[in-house]
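*Asks:* Here it is, the structure, as structure tokens.
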Amino acid sequence: MSGPYETRRPAGLLPWTADDPYVHALRTGRGPLFLRRGDGRLLPLDVERWCARPDEADLTVLDRCEGAVLDVGCGPGRLVAELAARGRRALGIDVSEAAVAHTERLGGRALRRSVFQPLPAERRWGTALLIDGNLGIGGDPHALLGRLVRLLAPGGLVIAETVPVDVDERVQVRVTDGRGTAGAPFPWARLGTPALLRHARELDLAVDGQWSAGGRCFVALRTRSASSSAEPPNRTAVISSQRARNPSADSPVASR
């Protein structure tokens with residue numbers, strides 16, 4: 001999860017510091033870590049799971065991925081690294097420098113970038129992932145999903161993890177370690193499956209699957225297919241480690 005540090009349309013990357021509780025948790029691989037709402041309620045963040053190998057629930061997501069995979073808010077990179085180990089083409093994006101570095105140490109490829117900034121291979125990704133609560137990025141799920149539609153190839157997949165209750169809320173939160181240290185405030189969203197499906201209908205996304213695993217809930221959504229007259233999508237995009245570290249804003253995903 002990188003979502004805590006995403007903003008809807010950032011002018012640039014936010015200057016998070018080494019003593020930020022999220023960065024510290026990624027570096028140590030353990031919590032406690034929470035999102036603290038304005039009303040004082042704490043929402044736990046599962047840092048230990050994010051920093052571990054993919055679990056059975058994660059594998060149900062990875063097994064459904066198609067084409068080149070963009071992991072939005074990749075966090076410490078377990079999903080990107082697993083896809084790379086399978087020989088799959090994948091890129092993680094995260095605005096946390098610590099998250100990108102952790103992903104690369106695991107053998108995955110990652111960029112320090114917001115999903116709302118220019119990205120490689122726009123309109124050519126086969127699958128976009130919003131896992132570990134990253135539907136909340138930017139506090140505007142409709143804008144986030146709309147952005148993914150513009151990143152995906154025609155007929156591409158969005159696979160999102162939803163909250164396992166019927167909720168649809170927008171909140172201001174801070175990341176905190178529960179011991180008095182807290183990061184800067186940012187907008188966040190929490191969606192259950194019914195709320196996600198409402199946004200999907202508004203964006204003309206078709207439901208490709210719904211499932212639960214390990215107490216977690218997932219939805220796969222598919223964008224419109226290309227018309228017969230449209231240029232066929234390029235689903236053979238590959239990320240090079242050199243390009244991932246220093247791409248131009250509009251460069252396509254490079255080959256190995």
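The values are calculated or read from the model by the stated rules, or taken from the named source; none is laboratory data. Everything quoted here is computed from the prediction, not taken from an experiment. Virtual Cβ from ideal backbone geometry, glycine too; neighbours counted across all protein chains shown. What goes into the accessible areas is simple: the full protein's heavy atoms, side chains included, and nothing from ligands, DNA or RNA. Shrake-Rupley method; radii C 1.70, N 1.55, O 1.52, S 1.80 Å.
*Asks:* For GLY178, state whether it is open to solvent by 40 Å² or more (accessible area, probe 1.4 Å), under 22 Å from ARG27 (Cβ atoms) and touching a Phe, Trp or Tyr at 6+ places or on another chain (Cβ under 7 Å).
*Replies:* In short, yes.
*Asks:* What are the pairs with Cβ atoms under 6 angstrom where one residue, in the range 28-42, is in contact (Cβ under 8 Å) with a residue 12 or more places away in the chain and the other, located anywhere, is aromatic (Phe, Trp, Tyr)? Sequence gap at least six, or different chains.
*Replies:* LEU42/PHE34
*Asks:* Which pairs turn up if I take residues in the range 77-98 that are within 19 Å of ARG124 (Cα to Cα) and look for partners that are part of a helix (DSSP H, G or I) and open to solvent by 20 Å² or more (accessible area, probe 1.4 Å) with beta carbon separation below 8 Å, at least 6 apart in sequence or on another chain?
*Replies:* The qualifying pairs are ALA90/ALA84.
*Asks:* With the structure loaded, tell me whether ASP63 is modelled with pLDDT of 95 or more, within 15 Å of the chain's Cα centre (by Cα), farther than 21 Å from VAL23 by Cα and among the acidic types (Asp, Glu) or whether it fails that test.
*Replies:* Details: modelled with pLDDT of 95 or more: yes; within 15 Å of the chain's Cα centre (by Cα): no; farther than 21 Å from VAL23 by Cα: yes; among the acidic types (Asp, Glu): yes.
Taking the combined requirement at face value, the residue does not satisfy it.
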